[in-house]
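Note sheet for the following structure.
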Amino acid sequence: MFVRVLHGDNEEALFNIQCRVQLLLEGIKRTCHCESEEIELADENGQVKNLLENRYCYASDILSERETFILLAVSRPAGTTDAVFTPLLIDEDIVNSKFLAKLGNWGESKSSSSRTKSKRHNRKSVVIQSTSLHDGKPSPPQPSKNKSTATTPKKRAGKS
């Protein structure tokens, strides 16, 4: 059971999802050369997979085999619970305005489904950042005004 992760300048890597999420994330960090960053995955439509909240679950319970994912860097500004997602893929065909808009609506889709799955509601803001090419290199992240409030579930329901 493998998934494909897109990253960098149109690079991709295959990963086995028959392991715990924590091990998968460590393997992705090593392979994609982002050891110092907190990472997350989103599908090609911009739906964040919320792996960081499910580190001790099996990746195969959360991700579907043969699916393609976009690698995201996650940062949290000091003193806030805001999650800032920055796509680590330089490909305008995939990381386009539609993808970024869906990534920005992540909090809204999670809040509606989490009310039925979780009794605890933690409020988080989600901010997305896009990377643009400048002389062939990604430009430094710029603050985004696209914020949405999210309720993050503590536990993911099993696949149906």
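Some points to look at:
- Cut-off under 5 Å, modelled amide H: who pairs with Leu88 long-range: Leu71, Leu72, Ala73
- Sorted largest first by accessible area at a 1.4 angstrom probe radius, with every protein chain in place, the residues Ser36, Ser60, Ser97 fall in the order Ser36, Ser97, Ser60.
- Simple spin-label estimate for Asp82 and Glu37 in nanometres, 7 Å along Cα-Cβ: 1.8
- ³J(HN,Hα), Karplus 6.51/-1.76/1.60, whole Hz, each residue of the stretch 7-21, x for Gly, Pro: 7, x, 8, 6, 9, 8, 8, 9, 9, 7, 9, 8, 7, 6, 4
- Extending 7 Å from the Cα toward the beta-carbon at both Asn96 and Cys19 defines two label points whose distance is 3.4 nm.
- Each label point was placed 7 Å from the Cα along the Cα-to-Cβ direction; for Met1 and Glu65 their separation is 0.8 nm.
- Sequence-distant residues sharing a close amide H with Cys19 (under 5 Å, placed H): Ala59, Ser60
- The stretch 1-74: trypsin sites (Lys or Arg not before Pro) in DSSP coil with no more than 11 other Cβ atoms inside 10 Å: Arg66
The values are calculated or read from the model by the stated rules, or taken from the named source; none is laboratory data. What you see is a predicted model, and the numbers here were worked out from it, not measured in a lab. Virtual Cβ from ideal backbone geometry, glycine too; neighbours counted across all protein chains shown. Surface accessibility is based on the protein's heavy atoms, side chains included, excluding ligands, DNA and RNA. Shrake-Rupley method; radii C 1.70, N 1.55, O 1.52, S 1.80 Å.
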